[in-house]
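Participant: Before I ask anything, here is the structure I am working with.
The values are calculated or read from the model by the stated rules, or taken from the named source; none is laboratory data. Nothing here was measured: the structure is a model prediction, and the numbers come from that model. All Cβ positions, glycine included, derive from the backbone under ideal geometry; neighbour counts span all protein chains shown.
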Amino acid sequence: MFAALIALVGYGLWAVDGVTRHDVAGDPEYYIYRQLVFAVIGSLGMIGVLFVDPEYYRRYRKVLYAGLIFLLLLVMAMGTDARGSTRWISLGFFQFQPSEFGKLLLAIVLAGVLATRGRRIGEWRTVAVAVGVAALPTLLVFMQPDIGTALVYGAILAATLFFAGARWRHLGILAAVAVLVGTVVLWLAPALGIDILAPYQRARITAFLHPSDNPQGAAYNINQSITAVGSGGSTGRGVAGATQTNLDYLPEHHTDFVFASIAEQRGFVGASVLLLLYLLLIWRGVRVIATARDPFCATVAGAIVFALLFQIFVNVGMTIGIAPITGIPLPFVSVGGSAMVTNLIAIGVLQAIAMRRR
Amino acid sequence: MATITRIPPNRTRFMPRTPGVEGPYRMTPQIALRLGVLGAIVLFVFAVLFFRLWALQVLAGETYLAAAQNNQLRTIRIEAPRGPIYDDKGRTIVGNKLALEVRVWPASLPRRQRARFFRKLSGVLGVPAAELQKRFREQLKADPLKPVTLEEDVSKDVAVYLRERQREYPGLTIEETYLRDYPLGSLAAQLLGHVGSVTPEQVKSKKFLSGDHVGQSGIESSFDRYLRGRAGQAVLRVDSLGRPRGRPRFSAFSEMGLAVRLTVDADLQYASQKALAYGIQAARNDHQWAADGGAIVALDPRTGAVKAMASSPTFDPRIYVGKVNPRNLKPLLDERTAEEQNHPGLNRATSGLYPPGSTWKPVTALAAMHNRLVSAYTPLSCTGSMKIDGTTFKNWDPYANESMTLTHALAASCDTYFYQLGLDFYNLPAQYGSPFQEWAGAVGFGKATGFDVGGEETGLLPTPQWRRRTFSSEIDKLWKSGDSVQLAIGQKDLLVTPLQMARFYALIANGGRLVTPHVVSSVEQAGNRGAVKAIFSPPPHQVNVRPDELRAVQDGLYEATHASYGTSSGVFGAFPVPIAGKTGTAEKSVNGIMFDQSWWCGYGPTSKPELVVCALIENGGHGGTAAAPAALKVFESYFGKRATFQTYVPSD
């Protein structure tokens, strides 16, 4: 798995280098340099985590949960505002995004809660407890507002329930409730005049269903992204020729839409290589779940792997027009310190679980 | 609770077992199922992604590549400079100057930012934001894809300021354009016309594109298809804010418009405008306080080429150029303001309608001779007044009492002589029709002259049929003797334009040929020795008039300016170049009050006439006091000589 990881991170760095070469006038290495620094920090964290037995996570799950809530509240209190959302805490050199790290914390905490219940996983009460535990951080993230990360938190909740062994019936009921809530929020409540989500947020989510409706509005990003991806053709347009990226037609091409940018520059070949590397990594992760030592580790591993899969699918899907627009970064590739470090540490936890397998 | 299971000895562990943890996590069927589900989801997800990627990039790659390239290419239309307008000697009357205009690409200006954009721009340009938005909306409606021109002719400082702040003004560009330049000032403003942006109606007609500049009046409009030239095209790469990246690539070069060469002589035009002002002042000095406008037409009787065409009041054509101040345009565009300022936009030479008064008498004379009602040598009595059918018609000179020949009657402008001619026409049997009006029509009255710049009036030639058509009461529908009598001296319902009069006097001067007055002589390539592309010289056509009859009229006109009884001898008698011509004092009802319109039409030198001048001073009083001196000034300029002595003869 490490091989896959190294290859992935390395490829990601190289790709991002091309993507961001023309971003900062006079300093083509600006973003790459920062990414490299975070990659190194994350790697150190990853190696450190290898020595921690996952059992400690389970034991101190309540502490970890308190820390998660504390960080999220901290962001709300003293976070810096950027483009209408308060997600970051400024620490001088870089911006720390607690909600990213919270993904890992939440996975561990939920797994701990469920694993400790043992057999009682089959009861409705256990499920309710899990939902309640997850609800608070999800709500805090939602209020930032960060719909994308809130969705990931939801995915983590689903994954932990799934791998901890909750009954199919309970899972089905939860799924139905989720769909109902989604329908109400997106279509029913606005029809009655109640806006749980702001109209622009709704538009971003539903725009991928009808991109040609409003070319200048919410669907603009999607259309530009699809154009960017498509224009990459089989072998890409190269770094210099990628006009969507270089002329700023593709927004956020170093964070949310980085895949589209890579697809434009490296073509089908380059994008496929990236996807294959992800597939390799995920597949290795699945194996870790299979050979985990106990339910807790299995659940943690399952949540980490599923969270990774979810983020990859939503981000890439968004750039190619089959998923709604959310602010989810592409793991190991998107420019962003907190995400890179968190993901590397998560792989570290995964590896720690793998090392202690049956 | 912890059950410790034995570890098979041949299994190695990396780390020691942690106590307190539940038993081994065995692969139960349920777990295997869930793992299987996960595996399936993973495979499904990646399959979807791969397939979608394949569809987008490999299958539809070219389409998106084209879309991406289109994204960043903008076609700009490069407007060609308009052809200049030269006078007959090649001096530039209307030229071009470079200016900077502010334009915006609507596609690059997101709707949300529009209000702020216009507000900021309004502060920079000094134009109210509402006005900018109005221009934006109107042009956007006409053509949503082309850049919208927000302001023409901004200063270099403003241009530099805006260029430095491209980020704050997405989609804004500063482009060079050509604006009309008038190096000789306000010369023949109404005749030249003006250039303006295309109106929405013109865009709809599909002949022009939004943002074009088109001649809207006068010569600019009538000869627009020569003057306009051909626009070029360039392709420019832009980024998502509409900022240009790199240089534009020219796909078609613009072609400058053709130059139009006029028959007008700029010096004579200038002199005519001054003469007009002089004539108006002369009228005022003669207590004609209502004199406030007029027209002068000077043309070559041999060809019909217009050497000068002045109309007062006039305006400065520069008010149409560049940063247009709507207040300046009000006297030209707004009905009420135009009325208050006496219609400066009107070209009175071609569109002003007035009764000709005594300047019409040569028409009557020739018509009467042609129809054998009178001969040049038969004297008729000229008295102070005449009673016809119960109405008394007066002569301007109440003390006149002698018999005159036609020549003398013309020179002295005896009204009663011509009343008799009018009565003779009236007494003709019905089957002759209206020979007087027919003859007048044959020499160009009541119809267009064929002038090559649009918008001339045809005037009104009253006939019995016209009377029946126009009036409703039984009395008014009848053509009475008084109508013929008044028609004979150019009064009552008769209306002519100064251009028609000039054309008629040209006919007298050149021996009976009706010329087509024109102001454009040729269209040629701009520049010093540009190749001529077209020549306009409509040939005159001979009118059926006998030479001896014409001679009588010519003599009459000569005596009018030289004999002691001549009505403008005081003005032209002492001019070194022999001029012949006729005064006119025509009564016209203006807002219910009768005002005398001052006329003078004539030509010179009488041996071989080169120039016909027709001057009209609105509400100017007697022909000899206002119009005649004005016409003299024109002759002075043309021949380069001054009259040695002048007096004004208050007559007709």
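Participant: For the stretch A:311-328, check the following and say yes or no: at least one residue is closer than 19 Å to residue A:104 by Cα and facing another protein chain (nearest Cβ under 9 Å).
Facilitator: Checked against the condition, which is being closer than 19 Å to residue A:104 by Cα and facing another protein chain (nearest Cβ under 9 Å), the stretch A:311-328 yields at least one hit.
Participant: Out of the stretch A:264-286, which residues are in contact (Cβ under 8 Å) with a residue 40 or more places away in the chain and either hydrophobic (A, V, I, L, M, F, W, C) or over 21 Å from residue A:254 (Cβ atoms) (or both)?
Facilitator: The answer is A:271, A:273, A:274, A:275, A:277, A:280, A:281, A:284, A:285.
Participant: Moving to a separate point now. Being basic (Lys, Arg), within 20 Å of the chain's Cα centre (by Cα) and either surrounded by fewer than 24 Cβ atoms within 10 Å (Cβ to Cβ) or at pLDDT below 90 (or both) is the requirement here; does residue B:318 meet it?
Facilitator: So residue B:318 fits the description; yes.
Participant: Filter the stretch B:159-187 for residues that are among the hydrophobic types (A, V, I, L, M, F, W, C), farther than 24 Å from residue B:228 by Cα and touching a strand residue (DSSP E or B) at 6+ places or on another chain (Cβ under 8 Å) and give the result.
Facilitator: B:159, B:162, B:172
Participant: Ok, one more. Restricting to the stretch A:273-282, and then to whatever is more than 7 Å from chain B (Cβ to nearest Cβ) and out of contact with any Gly (no Cβ under 9 Å at 6 or more places or on another chain), can you tell me which residue is farthest from residue A:306 (Cα to Cα)?
Facilitator: Result: A:273.
Participant: Return the pairs, sorted by first residue and then second, in which the second residue is in a helix (DSSP H, G or I), the first residue lies in the stretch B:100-120 and is within 13 Å of chain A (Cβ to nearest Cβ), the beta carbons are less than 6 Å apart, and the residues are 6+ apart or on different chains.
Facilitator: Every condition considered, the pairs that remain are B:106/B:140.
Participant: What single numbered condition from (1) within 8 Å of another protein chain (Cβ to nearest Cβ); (2) outside any loop (DSSP other than H, G, I, E, B) fails to hold for residue A:300?
Facilitator: Condition not satisfied by residue A:300: (1).
Participant: Can I ask one more? Just name the residue that is farthest from residue B:302 (Cα to Cα) out of those in the stretch B:519-559 that are modelled with pLDDT of 90 or more and of a type in the set (Ser, Thr, Tyr).
Facilitator: Going through the qualifying residues, I end up with B:558.
Participant: Would you pick out the residues in the stretch B:265-313 that are of a type outside the set (A, V, I, L, M, F, W, C), in a loop (DSSP other than H, G, I, E, B) and either buried (at least 22 other Cβ atoms within 10 Å of the Cβ) or out of contact with any helix residue (DSSP H, G or I) (no Cβ under 6 Å at 6 or more places or on another chain) (or both)?
Facilitator: B:265, B:287, B:288, B:292, B:300, B:301, B:302, B:303, B:304, B:313, listed by residue number.
Residues checked against (1) part of a helix (DSSP H, G or I); (2) at negative phi; (3) out of contact with any strand residue (DSSP E or B) (no Cβ under 9 Å at 6 or more places or on another chain):
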site	(1), (2), (3)
B:571	yes, yes, no
B:574	no, yes, yes
B:585	no, yes, no
B:594	no, yes, no
B:600	no, yes, no
B:607	no, yes, yes
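Participant: Among the numbered criteria (1) surrounded by fewer than 18 Cβ atoms within 10 Å (Cβ to Cβ); (2) in contact with an Asp or Glu (Cβ under 6 Å, 6 or more places away or on another chain), which one does residue B:131 miss?
Facilitator: The failed condition is (2).
Participant: Right, next: Which of the residues spanning the stretch A:258-272 are facing chain B (nearest Cβ under 9 Å) and among the small types (Gly, Ala, Ser)?
Facilitator: Answer for the stretch A:258-272, where residues must be facing chain B (nearest Cβ under 9 Å) and among the small types (Gly, Ala, Ser): A:263, A:267, A:271, A:272.
Participant: Quick check: anything in the stretch B:631-641 buried (at least 24 other Cβ atoms within 10 Å of the Cβ), farther than 17 Å from residue B:489 by Cβ, out of contact with any Leu (no Cβ under 9 Å at 6 or more places or on another chain) and aliphatic (A, V, I, L, M)?
Facilitator: Within the stretch B:631-641, one or more residues are buried (at least 24 other Cβ atoms within 10 Å of the Cβ), farther than 17 Å from residue B:489 by Cβ, out of contact with any Leu (no Cβ under 9 Å at 6 or more places or on another chain) and aliphatic (A, V, I, L, M).
Participant: Follow-up question, since we're still on this one. Taking residue A:218 as the residue in question, decide whether it is out of contact with any strand residue (DSSP E or B) (no Cβ under 9 Å at 6 or more places or on another chain) and modelled with pLDDT of 80 or more.
Facilitator: Here the answer is no, as residue A:218 does not meet what is asked.
Participant: Now, a different point. Every residue in the stretch B:109-168 that is assigned to a strand (DSSP E or B) and closer than 25 Å to residue B:201 by Cα, please.
Facilitator: Matches in the stretch B:109-168: B:148, B:149, B:150, B:151, B:152, B:153.
Participant: Which one is nearest to residue A:44 (Cα to Cα), of the residues in the stretch A:315-327 that are crowded, with 24+ Cβ neighbours inside 10 Å and of a type in the set (A, V, I, L, M, F, W, C)?
Facilitator: Of everything passing the filter in the stretch A:315-327, A:316 is nearest to residue A:44 (Cα to Cα).
Participant: Sticking with this one: In the stretch A:312-358, which residues are part of a loop (DSSP other than H, G, I, E, B) and not hydrophobic (A, V, I, L, M, F, W, C)?
Facilitator: Passing the criteria: A:321, A:324, A:326, A:327, A:329, A:331, A:334, A:336, A:356, A:357, A:358.
Participant: Which one of the conditions (1) more than 42 Å from the chain's Cα centre (by Cα); (2) surrounded by fewer than 19 Cβ atoms within 10 Å (Cβ to Cβ) does residue B:435 fail to meet, given that it meets all the rest?
Facilitator: (1)
Participant: Here is a follow-up. Hey, among the residues in the stretch B:59-79 that are under 29 Å from residue A:278 (Cβ atoms) and exposed (fewer than 15 other Cβ atoms within 10 Å of the Cβ), which one's farthest from the other protein chains (Cβ to nearest Cβ)?
Facilitator: Only one residue tops the list, namely B:59.
Participant: Here is a further query. Mind counting the residues in the stretch B:396-416 that are over 26 Å from residue B:478 (Cβ atoms) and surrounded by 15 or more Cβ atoms within 10 Å (Cβ to Cβ)?
Facilitator: Number satisfying all stated conditions: 14.
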